Amino acid sequence: MNFSRKFVPGQPLNEHSLSDSVYKDDYDQTDDPFEPESDTTENILSVMELIDEKAMTDMVTNTSIVTNNTTLSGQSQWSDLEHSNPVKDITAAVNSALFVDFNTLVLGRNDSNVLINHPEIRDYLKWTKSGPVGYQDLLGVFAPFGFKQILIGKAKANLGKDGLADDIQRLWSGDVLLAYVTDRPGRKQINRGYKFQLENSREVTKEYINNPPKTEIVVRDYYNYQLLLPEAYYLIKNAFAS
């Protein structure tokens, strides 16, 4: 199989903005070390990061986008500790690499807690590890396959609609993603994708508004996430039962 380099038109750098308000009571009732405007700005930035992570999770766990994938069900799911075989599934995924070898494993926090207690994982460690299994132990099991890191997704978000009950969910749950991540981004480096950002584009503005008296703080940025090499991913869909 031969591969060649090609140019792909970049997608537009979209505006991403979010605002929040600081009211008169916030100023009057806030003492050191808290600062209402900076605290509100930091909160806006954290929400924007969470929105981005949700969008990225939806992209890389979509089988129509990451077409190099498999879906587990029933006894093959890793949450079935008696019958499943995660090492065998990882081996098959690694052997299916279309272009580059995977070096990163991504899974949710709850799922990682299930995996470190899997009998097969513990069997691999029985001669070198006694007691609880941790992150480094889990990485040690999969390092021979070429993995340099395991990323544990811990983010949660309220997916409930406005006016309805809260629906707090983990953004990374059920699926396992194998990926190639370049050690150092560069012009001629292979990578699965990038965040393209307009230089010096992030700005924070504030405007005083009366009735009721408040300061509206707006954080604005211009960027876009673009998937460049879908072949740098392998998705194990529904690796864990929900």
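Among the numbered conditions (1) farther than 30 Å from ALA232 by Cα; (2) open to solvent by 100 Å² or more (accessible area, probe 1.4 Å), the only one that GLU203 does not meet is (2).
I need a count of the residues in region 90-100 that are open to solvent by 40 Å² or more (accessible area, probe 1.4 Å) and modelled with pLDDT of 90 or more. Spell out how you get there, then give the answer.
Step one: of region 90-100, the residues open to solvent by 40 Å² or more (accessible area, probe 1.4 Å) are 91-92, 95, 98-99.
Now restrict to residues that are modelled with pLDDT of 90 or more: 91-92, 95.
Number satisfying all stated conditions: 3.
For region 1-10, indicate whether the set of residues that are at pLDDT below 90, in contact with a strand residue (DSSP E or B) (Cβ under 7 Å, 6 or more places away or on another chain) and either open to solvent by less than 90 Å² (accessible area, probe 1.4 Å) or over 19 Å from LEU177 (Cα atoms) (or both) is non-empty. Steps first, please.
Step one: list which residues in region 1-10 are at pLDDT below 90, which gives 1-10.
Then keep just the ones that are in contact with a strand residue (DSSP E or B) (Cβ under 7 Å, 6 or more places away or on another chain); that gives 10.
The next check asks that each one be either open to solvent by less than 90 Å² (accessible area, probe 1.4 Å) or over 19 Å from LEU177 (Cα atoms) (or both); those that pass are 10.
Yes: region 1-10 contains one or more residues that are at pLDDT below 90, in contact with a strand residue (DSSP E or B) (Cβ under 7 Å, 6 or more places away or on another chain) and either open to solvent by less than 90 Å² (accessible area, probe 1.4 Å) or over 19 Å from LEU177 (Cα atoms) (or both).
Cβ-Cβ distances below 9 Å connect the following pairs, each with a first residue in region 188-206 that is of a type in the set (S, T, N, Q), a second residue that is assigned to a loop (DSSP other than H, G, I, E, B) and open to solvent by 100 Å² or more (accessible area, probe 1.4 Å), and a separation of six or more residues or different chains: GLN189/ASP183.
When region 148-162 is filtered for residues that are open to solvent by 80 Å² or more (accessible area, probe 1.4 Å) and in a loop (DSSP other than H, G, I, E, B), the ones remaining, listed by number, are LYS148, LYS154, LYS161, ASP162.
Yes or no, residue by residue, for (1) without any contact (Cβ under 8 Å) to a residue 40 or more places away in the chain; (2) open to solvent by 70 Å² or more (accessible area, probe 1.4 Å); (3) touching a strand residue (DSSP E or B) at 6+ places or on another chain (Cβ under 7 Å):
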{"residue": "THR30", "(1), (2), (3)": "yes, no, no"}
{"residue": "PHE34", "(1), (2), (3)": "yes, yes, no"}
{"residue": "GLU37", "(1), (2), (3)": "no, no, yes"}
{"residue": "THR41", "(1), (2), (3)": "no, no, yes"}
{"residue": "VAL60", "(1), (2), (3)": "no, no, yes"}
{"residue": "GLN75", "(1), (2), (3)": "yes, yes, no"}
{"residue": "HIS83", "(1), (2), (3)": "yes, yes, no"}
{"residue": "PRO86", "(1), (2), (3)": "no, no, no"}
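For the subset of region 124-147 comprising residues that are in contact (Cβ under 8 Å) with a residue 24 or more places away in the chain and either in contact with a Pro (Cβ under 8 Å, 6 or more places away or on another chain) or not in a helix (DSSP H, G or I) (or both), which member is most open to solvent (accessible area, probe 1.4 Å)? Selected residue: GLY146.
Within the group LEU229, LEU198, which residue is surrounded by 15 or more Cβ atoms within 10 Å (Cβ to Cβ) and among the aliphatic types (A, V, I, L, M)? Explain how you work it out, then say what you get.
Numbers: LEU198 fails: surrounded by 15 or more Cβ atoms within 10 Å (Cβ to Cβ).
Just one listed residue meets the conditions, LEU229.
Residues that are open to solvent by 40 Å² or more (accessible area, probe 1.4 Å), within 23 Å of TYR233 (Cβ to Cβ) and either of a type in the set (Phe, Trp, Tyr) or out of contact with any Gly (no Cβ under 8 Å at 6 or more places or on another chain) (or both) within region 101-122 comprise ASN110, VAL114, listed in sequence order.
In region 206-219, the qualifying residues are those that are open to solvent by 60 Å² or more (accessible area, probe 1.4 Å) and in contact with a strand residue (DSSP E or B) (Cβ under 9 Å, 6 or more places away or on another chain), and the one that is farthest from GLY193 (Cα to Cα) is PRO212.
The values are calculated or read from the model by the stated rules, or taken from the named source; none is laboratory data. Values in this document were obtained by computation on a predicted structure and should not be read as measured data. Glycine gets a Cβ as well: all are built from the backbone with ideal geometry, and neighbour counts include every protein chain shown. Ligands, DNA and RNA are excluded from the accessible area calculation, which covers all protein heavy atoms including side chains. Shrake-Rupley method; radii C 1.70, N 1.55, O 1.52, S 1.80 Å.
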